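Okay, so here's the structure we're looking at.
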Amino acid sequence: DPNKIWGGTQDNGTNRTTGSTTWQHMVDGDGGQTRIDPTNPNILYHTFYYARNLSGFIRRSTDGGNTWTPITNGINLSDNGMFYPPYILDPSNSSRLLLGTDKVYESTNQGTTWTARSSVLGSFGSQVLALAVAPNNSNVIYVTYTDGSVWVSTNNGQNWSRRDTGLPTGSAPPTGR
């Protein structure tokens, strides 16, 4: 439904509109990234800021945003991570999510449980900056780190290869808030 829009607003929660010019405040806190399952618009995800040892930084709703459940089971909450850790839905399978702290995590059940698919790939202290899955092959995962490194796995995270050799160097990307 192109009229339904969700958005996180740092320090002002997560909000939505359903086609009008009025936005409705749905969840308090430091609203971050939002995602809507393209196969079921009642399944939503949103994030809060990531603070070590604070569960609930990523949540799921199965009733269109009326109630939310923390979905961090299996994520090591002492990992180093961005203020809003990046996460994506697999374009070929929306029940599969990938999330980055200083490692890459995968969930195949809409975030109910997570499994680490990598060790820390970037340099010490770096964090996952962005993730992507190849649209035609879910086994191919791309990840970039705040240290500028780029990694790819062609076998669903069993092995990773660094792929940034020859890229121009420059200022470091942002590391959080």
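Using a probe of 1.4 angstrom, how much of the accessible area of the chain is carbon and sulfur, in percent?
Details: 4180 of 8910 Å².
Percent of accessible area from carbon and sulfur atoms in the chain: 47.
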Next item on the list: Using a 1.4 angstrom probe, figure out how much accessible area the chain has per residue, in square angstrom, rounded to the nearest whole.
Entry: 50
Checklist line | Length-normalised contact order of the stretch 1-128 in % [C-alpha pairs under 8 Å, at least 6 apart] | finding: 15
Note to self: Just want the answer: with Cβ charges of +1 for Lys and Arg and -1 for Asp and Glu, which residue in 83, 8, 38 is farthest toward the dipole's positive end in the stretch 6-96?
What the structure shows: 38
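The values are calculated or read from the model by the stated rules, or taken from the named source; none is laboratory data. Keep in mind the model is a prediction, meaning the values are calculated, not measured. Cβ atoms come from the backbone with ideal geometry, glycine included; neighbour counts cover every protein chain shown. The area values use the complete protein model at the heavy-atom level, side chains included, leaving out ligands, DNA and RNA. Shrake-Rupley method; radii C 1.70, N 1.55, O 1.52, S 1.80 Å.
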